[in-house]
Amino acid sequence: MSIPTFPEFSDISLSMQRDVRRILSAYPLEASEYTYTNLFAFKKTYDFKVSLLKDNLIILKDKEPASVFCPVGGSSITETIDMVFDYFIQSGRPPVIERVPESFINTYLYDSEKYTVEESREHFDYVYDMQTLIELKGRKFHDKKNKVNKFRNEYTYEYITLTPGLVRECIEFEDYWCEVKECQKYYGLKRERCAILAMLENYEELNLTGGAIKTEGKIVALTIGEKFLPDTLVIHVEKANIDIPGLYQVINQEFLIHEAGDCTYVNREQDLDIDGLRRAKMSYHPVKFIKKYRVIQR
């Protein structure tokens with residue numbers, strides 16, 4: 001299926017994967033939302049749809065409150081923004097562009113007389129130095145290094161690269177994790193589970209990179225990511241048995257050792273303003289944030 005021309009929109013589908021990836025690769029944005037995997041995995045949660053306007057990719061979040069991501073492309077961007085806002089107004093919806101990375105703001109909307117830019121701290125991506133997360137050197141990582149060493153001393157484990165043949169075992173582990181965490185009681189965890197299952201069930205088609213840790217023949221931790229910038233790996237999924245201390249630290253470390261390739265940085269996505277998640281992400285000492293913004297009319 002080809003991407004329709006604005007103002008027509010189509011649901012995200014595997015059949016348009018090549019076209020969407022081609023645009024995202026040709027005009028890369030540093031925010032983790034701008035990956036085909038994220039759009040596909042969260043399409044049910046946010047009702048993502050796409051369109052082409054002046055050869056720019058328009059990503060519509062059609063679930064209320066509706067919004068769009070910033071246009072992806074290089075053709076008449078400021079005019080495209082104006083046309084998107086007009087489309088929302090004519091549709092009777094408040095016009096909003098969200099998840100807009102700082103580089104886009106600086107290029108197209110800095111000191112704009114038409115639009116107001118608001119910081120969205122809950123959507124900032126956390127970016128870390130790859131080698132630092134692998135080595136965990138120094139006093140600031142002392143606690144994490146101790147947990148890694150304790151796990152390795154107490155458990156016999158095997159790290160394995162995920163293949164399509166392991167998907168069923170990974171889904172069984174995700175089922176177990178959600179049963180323990182009572183995912184059905186929490187909207188955020190239900191939403192996350194839906195996205196993880198979409199990634200696992202389409203693992204080969206999405207060309208993802210994954211890893212798992214097994215103890216006693218069973219998967220006890222898994223992670224899924226992909227290279228989305230020339231120097232950056234993004235982590236989409238990281239899950240571990242919460243009853244095994246140090247396992248989260250170990251799967252993070254082992255995955256980067258085996259799968260990071262020539263990447264310099266790892267993007268571990270946002271904290272969604274969840275206190276525990278923010279503390280966990282800050283505890284790994286990010287080297288920078290990918291700042292994101294919300295754009296509305298003045």
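The values are calculated or read from the model by the stated rules, or taken from the named source; none is laboratory data. Quick caveat: nothing in here was measured; it's all calculated off a predicted structure. Because the Cβ atoms are built from the backbone with ideal geometry, glycine has one as well, and the counts that use them run over all protein chains shown.
Observations on the structure shown:
- Some residue of segment 116-127 being under 24 Å from the mean Cα position of the chain (by Cα), in a strand (DSSP E or B) and more than 29 Å from residue 287 (Cβ to Cβ): no
- Qualifying residue in segment 11-22 (condition: part of a loop (DSSP other than H, G, I, E, B) and touching a residue at least 12 places away in the same chain (Cβ under 8 Å)): yes
- Output for segment 62-86, where each listed residue is farther than 17 Å from residue 5 by Cβ and either buried (at least 22 other Cβ atoms within 10 Å of the Cβ) or not assigned by TED's automatic domain parsing to the domain that holds residue 109 (or both): 67, 69, 70, 81
- Any hit, segment 141-148, residues being among the aromatic types (Phe, Trp, Tyr), in the same structural domain as residue 231 (by TED's automatic domain parsing) and touching a helix residue (DSSP H, G or I) at 6+ places or on another chain (Cβ under 7 Å): no
- Screening the candidates 29, 52 for the property of being out of contact with any Asp or Glu (no Cβ under 6 Å at 6 or more places or on another chain) and closer than 21 Å to residue 291 by Cα yields one hit, 29.
- Scanning segment 250-267 for residues that are surrounded by 23 or more Cβ atoms within 10 Å (Cβ to Cβ) and either among the basic types (Lys, Arg) or on the phi > 0 side of the Ramachandran plot (or both) yields a total of 0.
- Considering (1) part of a helix (DSSP H, G or I); (2) farther than 26 Å from residue 193 by Cα; (3) not aromatic (Phe, Trp, Tyr), the lone condition that residue 94 does not fulfil carries the number (1).
- Some residue of segment 100-109 being in a helix (DSSP H, G or I) and either in the same structural domain as residue 262 (by TED's automatic domain parsing) or basic (Lys, Arg) (or both): no
- Boolean, residue 85 is among the aromatic types (Phe, Trp, Tyr) and closer than 21 Å to residue 63 by Cα: yes
- The listed residues are 272, 247, and the only one of them that is surrounded by fewer than 16 Cβ atoms within 10 Å (Cβ to Cβ), of a type outside the set (Val, Ile, Thr) and either out of contact with any Pro (no Cβ under 6 Å at 6 or more places or on another chain) or assigned by TED's automatic domain parsing to the domain that holds residue 129 (or both) turns out to be 272.
- Considering residues of segment 275-298 that are of a type in the set (D, E, K, R) and surrounded by 15 or more Cβ atoms within 10 Å (Cβ to Cβ) only, the residue nearest to residue 133 (Cα to Cα): 281
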